[in-house]
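One structure is given here, and the rest of the page talks about it.
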Amino acid sequence: MKRSAVILASALFFLLTVVAGAYAVEITADMITKEGKVTRNGKIYVKGNKYRVEKGSTPLYVIIRGDKGKFWQVNSAEKTYIEAALTPDMKPNVEEKLYGETARQAMGTETINGYPAKKFQVTVKGPKGKPETITQWFSTEYSFPVKLAGDKWSVEYKNIKKGSVPDSMFELPKGLIIDTSEVPDVLH
């Protein structure tokens, strides 16, 4: 009896591990961020709970390691990086449920940049607990947002590609020096 329970528990653990691995999203996409009149092009790489966000022509990029609880902002021009403990608000909003979400209303479906998407109006707890409304277009084909928009900002994802993303994209490059004199931009 005891042996059967151990075998069953082992089989369930194995099954959960395989299923969880099968649903780990691996995606690369072009990212267009608009804040007021400023538009920035960048790139995002996602592998499960690991993220890399590049901000176009700037030498700064971010690596987020959910598995290690780390946030790194890398300055490739100066060969330095800043490290912080990862908090949920530092992760990009690439999951269907948004951080701080308090309400969600389905708004139908739309096609954004050629991607069929479910449209939602989402209320989140914004800075200082103030409610903020975000419109989200979420692709069920990619399990990834194709667009998010707030009052004075938006993020669009184009050229979304599913496929293997190398682990090296989520590692600090060799030879970087930690910069303890600055706070990462996201913490300002």
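The values are calculated or read from the model by the stated rules, or taken from the named source; none is laboratory data. All figures in this text were calculated on a predicted structure; none of them were measured in a lab. Backbone-built Cβ (ideal geometry, glycine too); neighbour counts: all protein chains shown.
Restricting to segment 119-128, name every residue that is surrounded by fewer than 16 Cβ atoms within 10 Å (Cβ to Cβ) and at pLDDT 95 or above.
Listed by number, the list holds a single entry, 121.
Looking at segment 129-162, which of the residues that are within 14 Å of residue 112 (Cα to Cα) and among the aromatic types (Phe, Trp, Tyr) is surrounded by the most Cβ atoms within 10 Å (Cβ to Cβ)?
157
Would you confirm whether or not segment 73-89 contains a residue that is modelled with pLDDT under 95, closer than 25 Å to residue 38 by Cα, in contact with a Pro (Cβ under 6 Å, 6 or more places away or on another chain) and surrounded by fewer than 13 Cβ atoms within 10 Å (Cβ to Cβ)?
Within segment 73-89, one or more residues are modelled with pLDDT under 95, closer than 25 Å to residue 38 by Cα, in contact with a Pro (Cβ under 6 Å, 6 or more places away or on another chain) and surrounded by fewer than 13 Cβ atoms within 10 Å (Cβ to Cβ).
Confirm whether residue 46 is touching a strand residue (DSSP E or B) at 6+ places or on another chain (Cβ under 8 Å), in a strand (DSSP E or B) and in contact (Cβ under 8 Å) with a residue 40 or more places away in the chain.
Judged against the criteria, residue 46 is a match.
Quick check on residue 97: is it within 22 Å of residue 24 (Cα to Cα), among the basic types (Lys, Arg) and free of Cβ contacts under 8 Å to residues at least 12 places away in the same chain?
yes
Out of curiosity, is residue 119 over 25 Å from residue 67 (Cα atoms), assigned to a helix (DSSP H, G or I) and either without any contact (Cβ under 8 Å) to a residue 24 or more places away in the chain or touching a strand residue (DSSP E or B) at 6+ places or on another chain (Cβ under 6 Å) (or both)?
So residue 119 fails the test.
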